[in-house]
Amino acid sequence: KIAKENNVNLALVAPTGPKGRIIKEDVLRFIQGKQAPQKAAPAVSTSSHSAPHTPGPVSNTPVPLGVVPLDQRVPIRGIQRMMVKSMTESLQIPHLTYCEEVTFDKLRQLRESLKTDLGKRGIKFSYMPLLIKATSLALSHYPVLNASIAENGTEMIYHSNHNIGLAMDTPKGLLVPVIKQVQLKSILDIAIELGHLQEAASKGALSESQLSGGTFSLSNIGSIGGTYAAPVVVLPQVAIGALGRTQVLPRYLDKKGEPASLETIENGDAVVAPVSVMNVSWSADHRVVEGATIARFSNKFKQYVENPALMVAELR
Ligand code: CAO
């Protein structure tokens, strides 16, 4: 009302109220010709500092050369607001993060041998279905990592289904659709489902049920870049894995092509050869997961990835 009576354009008023709201004092301050310090401002400032032009995070308005727009205050909404909530809750978890290097050559060959044929059937086949299956197989040996702490705080719930959430970088922001009952699915089933989820995510059409019910999470940050990440556990889950970028790096190998021992290297029986490696980082809730458990789980995962024949042997 005050704004209307005084012909104030509210778009130009810096909000200082909760959730980015303009409050009465903001309008009165504006009428008096003052703006709140360090608060939102018009997209284009009329000040003429000599610092280089730095566009604000949301403004597309062209800014004259040499003009520095004031900082902008933007309400946190939608997915970002959910992220603030869930990540704030995650702060109560004492995190234990454990990292490992995994050799990727055999898994890469397996993927290459399947990719073309499956591609002809319209199925996109990345590394993820294999890595999701390897995670599920490793989880079946360490069920505490597929558990959660009950709301009463005095019981653990061991989930019988491996509902693996996969972090996706989507046009709407970070979403974590869930592949349910991975323990019952073939690698092909997982590839098909992942394709559907990626398509729905790219259209912003993931349903509530596709986004809920996760019991463990994976994040393939390596598809964007980076080697190691320290992933954050999302309650009520107790563990999460982050996969780094696969790289070809020099490693000492013995005559069988296996990692060489120090003795073999000293005897001159080893060669330095290019090896595909991927770094994986696991974070767990240290209130209920011991470091030794996450280390043993990681060793299992490593075994499956480095020798996919083992994985095949355990498939149902
Ligand atoms: N290292 C190297 N290359 C990788 C890789 C890795 N870790 N992961 C994927 N790639 C390659 C794939 O092999 C593919 O290339 P080719 O087909 O030519 O071989 C290419 O990158 C694209 O893969 P993709 O992203 O389409 O498919 P994907 O199944 O590997 O990954 C998904 C799917 C959803 C995990 C990924 O698209 C994504 O969104 N990643 C980001 C996750 C994220 O934001 N995590 C952070 C969460 S915490 O804030």
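Bear in mind these aren't lab numbers, they're just calculated from the coordinates by the rules spelled out. Fair warning: this is a prediction, and the values are worked out from it, not measured in the lab. Cβ coordinates were reconstructed from backbone atoms using ideal geometry, including for glycine residues, and neighbour counts include every protein chain displayed.
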Worksheet item: Ranked by Cβ crowding within 10 angstrom, fewest neighbours first, how are Ser160, Ser136 ordered?
Response: Ser160, Ser136
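Counting each DSSP H run of 4 or more residues in the chain as -39500 (n - 2.57), what helix-only mean residue ellipticity at 222 nm follows after dividing by all residues, to the nearest 500 deg cm²/dmol?
Values: 9 runs with 99 residues, N = 316.
The helix contribution divided over the chain gives -9500 deg cm²/dmol.
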Worksheet entry | Signed unit charges on C-beta, dipole axis of the chain, positive-most listed residue Val312, Ile123, Ile157 | Ile123
Worksheet item: Amide H neighbours of Ile179 under 5 Å, counting only residues 5+ apart in sequence or on other chains, H built in-plane at 1.01 Å?
Response: Ile164, Gly165, Leu166
Discussion item. I'd like the antiparallel share, as a percent to the nearest 5, of DSSP beta bridges with both residues in the chain.
Written reply: 80
Practice prompt. Output the relative contact order of the range 94-314, whole-number percent, from Cα pairs under 8 angstrom with separation of 6+ residues.
Written response: 29
Worksheet, complete the sentence: Ranked from fewest to most other Cβ atoms within 10 Å of their own Cβ, Val102, Val84 fall in the order Val84, Val102
Item to complete: In whole Hz, with x marking every Gly and Pro, tabulate ³J(HN,Hα) for the range 64-80 from phi via Karplus 6.51 cos²θ - 1.76 cosθ + 1.60, θ = phi - 60°.
Response: x, 3, x, 9, 9, x, 6, 4, 10, 10, 10, x, 8, 10, x, 4, 5
Item to complete: May I ask you to list the lysines whose Cα is less than 28 Å away from that of Lys24, ignoring any residue fewer than eight positions away on the same chain?
Response: Lys1, Lys4, Lys34, Lys39
Worksheet entry | Pairs from Lys85/Lys172; Lys120/Lys302; Lys124/Lys203 whose Cα-Cα separation, in the structure shown, is over 20 Å | Lys120/Lys302
Worksheet entry | Pairwise Cα inverse-distance average, inverted: Kirkwood Rh of the range 94-314 (Å) | 18.3
Worksheet item: To the nearest 20 debye, what charge dipole does the range 94-314 have about its Cα centre, counting +1 at the Cβ of each Lys and Arg and -1 at the Cβ of each Asp and Glu?
Response: 640
Worksheet item: Taking the chain as a Gaussian network, Cα atoms linked when under 10 Å apart, which of Lys172, Lys106, Lys24 shows the biggest mean-square fluctuation?
Response: Lys24
Item to complete: With θ set to phi - 60°, apply the Karplus curve 6.51 cos²θ - 1.76 cosθ + 1.60 along the range 246-256 and write out the HN-Hα couplings as whole Hz, x wherever there is a Gly or Pro.
Response: 6, 9, 9, 10, x, 9, 6, 10, 7, 5, 7
